[in-house]
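> One structure, as structure tokens, below. Some questions next.
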Amino acid sequence: PPAPPAADAEPPTVALERVKADDAGFHRFRQAMKDALTWDRRRSAINRLRNVQRTIRRVGSGVGGSPPAERDPAPVVQGPVTLERARAALLQDLYEILPGWGFDVALFSSIDDDELFVCISLISDSAAYSYLVQNSMHLQIQRGVVSKLGIRQPPEEPSSSPPLLPYNPRFVTNLFHAGVLAKDDPGEMYETFHGRSMKGSIVSSKARFSIIFREMCNYLDLDAAKADGLIVDWFNNHNELWLHKLRAAWAGPKHLCDLSFVQPIATIQEYFGPRVAFSFAFNGFFCKALLALAILSVVIELAVLAWELRVQTDVHRRVIPAFGVIVSVWARAAMNLWLREEEYFLKLWELKAEDSTEGVRPAFEGELMPSHADLNLMEKQDTPEEAFRRRALSTTVSVLLCAFVVLVLVFWYVIFQDNLSTVASIVLAALITVFTVIYNALVPVLTDYENHKYQSTYYDSVVWKQFLFQFVNRYFAFFQLTVAQQFHDTCPEGGCLTSIREQLVNTLVVLTLTRFGKLLTSSVTVRLKIWFEDCMLRRQKGDDYEMSERSFIELQSKYGEERMHQQIDGTLSLVLSLGFALLFGPIAPIVVPFSLLVFMVQLRANAWLLLHSAKRCVPRKALGIGQWSRIISTLEQASKVFTGFLIVVFSDTFDGMPLITKVFGVFLWVLVMQLITFLVDTFVPGTSMDMQVLAARRSRVKAVLLRRSEDVLRRRADAAQATMKKAQLEAWQRKAQSFMERADSPAKRQMAEKYLEHVKAKIEKSAREEQTSAFARSASQGSAGGSP
């Protein structure tokens, strides 16, 4: 992490305001904020007073320059708030407040004593249970519970996965009284995790971090505190037991040559969260899909090469329609199969659109207004006019940057149009890389300026900004080569198509090597950082100093980041590589193996980085791959139009044809491709039968669980009512007997006997009604799948 500023440095007032620290007991830190604001105002007032007095003296004396030192007023005021005081106040408040929230706090210093680690954990199960209820968190029930309900489902099938239910201790108690559970213990019903003890806990490490992170973000903006120097860094701690498990099943050396690309997606989701799990599921699926297309493309390239050697002419243009159809059919079939898998995982993990917001972002700024959900509540909101203004300005800046990239790439073509050699490809790849680095630095600034309220909308905004810019940055040069060379008659000796193919292959090679180098650098940087710190420590302490071993937590602080922007960058590289195959595969089928290579290296390298040299990421919810599906669909449609354009431009059929005929040819091609796509959707639909089976089985389990719990409640209510009725009848019976004992005449005795007989009939009727209701309950249990 970057070295913190000096302890006596004065923090900017804005820094303390950004950290927020809403009123939750942060008294010391909020007092430091107040003092910083007061000092800032006093200092501004003193500066204004001094400037006025200096001006008066200059006017009075007619001489410029500074006034004499003895005549300059120097009022005595309280000194500024230093970073040392602000950090100490924040640390004291955290150490005092967090135990009251049910969290455990431990502190230790680094081996070189320049950093203080504050470890926050949630060890208490009772505190964790209360947060489960408060946040309505869902937990998966055990498979054994399903069989105890009398429901028969094949345990070996993934579609028999038990449902996820909100944690409810009363529900557990009801099922215990219903005879479903052996003990009144949540561990009997919900899945348990054994990371902390042999007994296990129903709250996983991912759930515990989510609880801590949610509560901290309600009162502190951790990213703002890091950016402004109040803390060095914050991160989610790795679990060594899970790391060993994942390394053995996912990121070992034996998996490098595994072309099945099978991954433990359920385990990845449980440890890293749904967003990372969907990213790796998408990566692995398209590795398999691209492998089939790559084999076909290599066969076509070899056949075309043999044909060219035989006839001594360029025959690639004749392959464009055939491979264009293959790419279109493959793209739709692969996307539909991926949508099936995505739909299944969404149901498996019970992810819904209404659960994806994950609360308000700590950095969101707004005014307190009545909530849309409940007008009695006040919440921070941004006015629609202000939100539109911010996003319009951000979009305008992005469009201007895209226009600048287009202008530079046009200049690149003007310079190299007569000599499109390997040097031109290297220059183009360098320009693409430089523009990528610059825009990656600007995207967080532009998106932060838009002031998104929820993390999901912030994520989607970054995704679309990155894709639209990179679409221009990566593809425009090749679109320009296709159009400009044909209409300006600047084709080299080998022909326009050959020139475009060479530029595609050369540029892809350079960009692929650049991506590989970036992944390798991410791993090497961590080792270099640790080595450099060890060298500096030995230089300070002497060569004879025996360095103690770093704790695992301190070691993780040297790891690289794997936050939202890094995740988007990784998925973006995959989608752009896939776009090369979709858009330019008909021209140069050889680009498909390059795309497959990017997917394969990204899959294995990212898995290794996540488990060896990257901090554990925040487990975020996600609705599949989200906006990436729309982006891939956009690329698929664009590939149909561009392939039609290529056919019209390079086909011998359209040579010398008028413009209207060529336009109609493109339209006809797109229409035919849409019809073929419709047929693919018919034979390879995007809906999953496994998901429907999973949904039906889970609905059945939920219905039976709810009915058994309701039966317990009904029996309790009936028992309470029967007890009251029985007490009332016994009171009536005692009253009748007392009346008979006090009867002093035959008439009164006869009336008492009739009253007693009436009471006995009431008791017998109540017993018959209780027997009938018990029989009805048994019958309903039998129809619900339980034992009567």
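> So, taking all protein chains as they sit and a 1.4 Å probe, how much accessible area belongs to Lys726, in Å² rounded to tens?
130 Å²
> I want the local charge near Leu481. Using Cβ-Cβ distances under 12 Å, sum +1 for each Lys or Arg and -1 for each Asp or Glu among the other residues.
Summing Lys/Arg as +1 and Asp/Glu as -1 gives 0.
> Any idea what the relative contact order of the range 359-466 is, in percent, if you count C-alpha pairs under 8 Å spaced at least 6 apart?
Averaging sequence separation for qualifying contacts and normalising by length gives 37 percent for the range 359-466.
> On average, how much area does the Cα convex hull of the range 192-329 cover when viewed from any direction, in nm²?
15.1 nm²
> Which number do you get for Rg(Cα) / (2.2 N^0.38 Å) in the range 364-446?
1.82
> For the range 418-542, state the average projected area of the convex hull of the C-alpha atoms over all orientations, rounded to one decimal in nm².
So the Cα hull casts an average projection of 12.3 nm².
> Heavy atoms only, 1.4 Å probe, whole protein assembly: order Met137, Met378, Met335, Met724 by accessible area, highest first.
Final ranking, largest accessible area leading: Met724, Met378, Met137, Met335.
> While we're looking at this one, here's another question. Between beta-carbons, use under 14 Å as the cut-off and find the net charge around Leu428, counting Lys and Arg +1, Asp and Glu -1.
Within the 14 Å Cβ shell, the charges total 0.
> Next up: Could you check how much of the accessible area of the range 535-594 is carbon and sulfur, as a whole percent, using a 1.4 Å probe?
48 percent
> Taking the alpha-carbon distance from Lys640 and a cut-off under 19 Å, which lysines remain once sequence neighbours fewer than 8 residues away in the same chain are dropped?
Result set, ordered by chain and number: Lys662.
> Please label the shape of the range 262-386 as rounded, prolate or oblate, based on the square roots a ≥ b ≥ c of the eigenvalues of the alpha-carbon gyration tensor (a/c under 1.5 means rounded; beyond that, a/b larger than b/c means prolate, else oblate).
Prolate shape, in that a/c is at least 1.5 and a/b is the bigger ratio.
> Next question, about the same structure. Just by accessible area at a 1.4 angstrom probe, what is the order of Asp544, Asp228 from largest to smallest?
Asp544, Asp228
> Something else now. Lys and Arg at +1, Asp and Glu at -1: add these up for the other residues within a Cβ distance under 13 Å of Trp669 and post the number.
Charge balance in the 13 Å sphere: +2.
> Loop only per DSSP, at most 13 neighbouring Cβ atoms within 10 Å: give me the GluC sites (Glu not before Pro) in the range 499-557, ordered by residue number.
Sites meeting the loop and neighbour criteria: Glu546, Glu549.
> Accessible surface of Asp184 in the full protein assembly, 1.4 angstrom probe, to the nearest 10 Å²?
In the full protein context, Asp184 sits at about 80 Å².
> Ignoring ligands, DNA and RNA, please state the percent of accessible area on the range 354-408 from carbon and sulfur, probe 1.4 Å.
Result for the range 354-408: 65 percent of the exposed heavy-atom area is carbon or sulfur.
> Could you list the trypsin sites (Lys or Arg not before Pro) in the range 352-434 that lie in coil according to DSSP, counting only those with at most 16 other Cβ atoms within 10 Å of their Cβ?
Sites meeting the loop and neighbour criteria: Lys352.
> In addition: Which of Lys453/Lys558; Lys541/Lys615; Lys148/Lys352; Lys352/Lys453 have a Cα-Cα distance over 22 Å?
Listed pairs above 22 Å: Lys453/Lys558; Lys541/Lys615; Lys148/Lys352.
> Between Ile438 and Thr395, how many nm apart are label points set 7 Å from Cα along the C-beta direction?
Computed distance between label sites Ile438 and Thr395 equals 2.4 nm.
> Follow-up. Arrange the residues Glu115, Glu450, Glu379 by how much accessible surface each exposes, largest first, with a 1.4 angstrom probe.
Glu379, Glu115, Glu450
> What residues qualify as long-range amide H neighbours of Leu139, i.e. H under 5 Å apart, gap of 5 or more or another chain, H built at 1.01 Å from N?
Excluding prolines and chain starts, which carry no amide H, the hits are Leu165, Tyr167.
> Another one. With viscosity set to 1.306 mPa s and temperature to 10 °C, compute the Stokes-Einstein D of the range 408-448, Rh being the Kirkwood radius across alpha carbon pairs; µm²/s, no decimals.
138 µm²/s
> Give the Cα extents of the range 542-701 along the principal axes, in whole Å, largest first.
84, 57, 22
> A further question on this structure: Under a straight-distance cross-link criterion of Cα-Cα below 17 Å, which lysines are reachable from Lys726, leaving out those fewer than 8 residues away in the same chain?
Leaving aside lysines fewer than 8 places away in the same chain, those within reach of Lys726 are Lys735, Lys760, Lys762, Lys765.
> How large is the convex hull of the Cα atoms of the range 101-164 per residue, expressed in Å³ as a whole number?
Enclosed volume per residue, from the Cα hull, is 165 Å³.
> Now for a separate question. Please calculate the 1.4 Å probe accessible area of Arg538, with all protein chains present, and give it to the nearest 10 Å².
Ignoring ligands and nucleic acids, Arg538 comes out at about 100 Å².
> Here is a follow-up. For Val663 and Arg768, calculate 0.36 nm times their separation in residues minus their Cα-Cα distance, and state this gained length in nm to one decimal.
Result for the pair: 29.2 nm of gain on full extension.
> Mind listing which GluC sites (Glu not before Pro) in the range 122-212 are in a DSSP loop and have 11 or fewer other Cβ atoms within 10 Å?
Filter output for the range 122-212: Glu156.
The values are calculated or read from the model by the stated rules, or taken from the named source; none is laboratory data. Given the structure is predicted, the values throughout are model-derived calculations rather than measurements. Neighbour counts run over all protein chains shown; Cβ positions are idealised from the backbone, glycine included. Heavy atoms of the whole protein, side chains included, go into the accessibility calculation; ligands, DNA and RNA do not. Shrake-Rupley method; radii C 1.70, N 1.55, O 1.52, S 1.80 Å.
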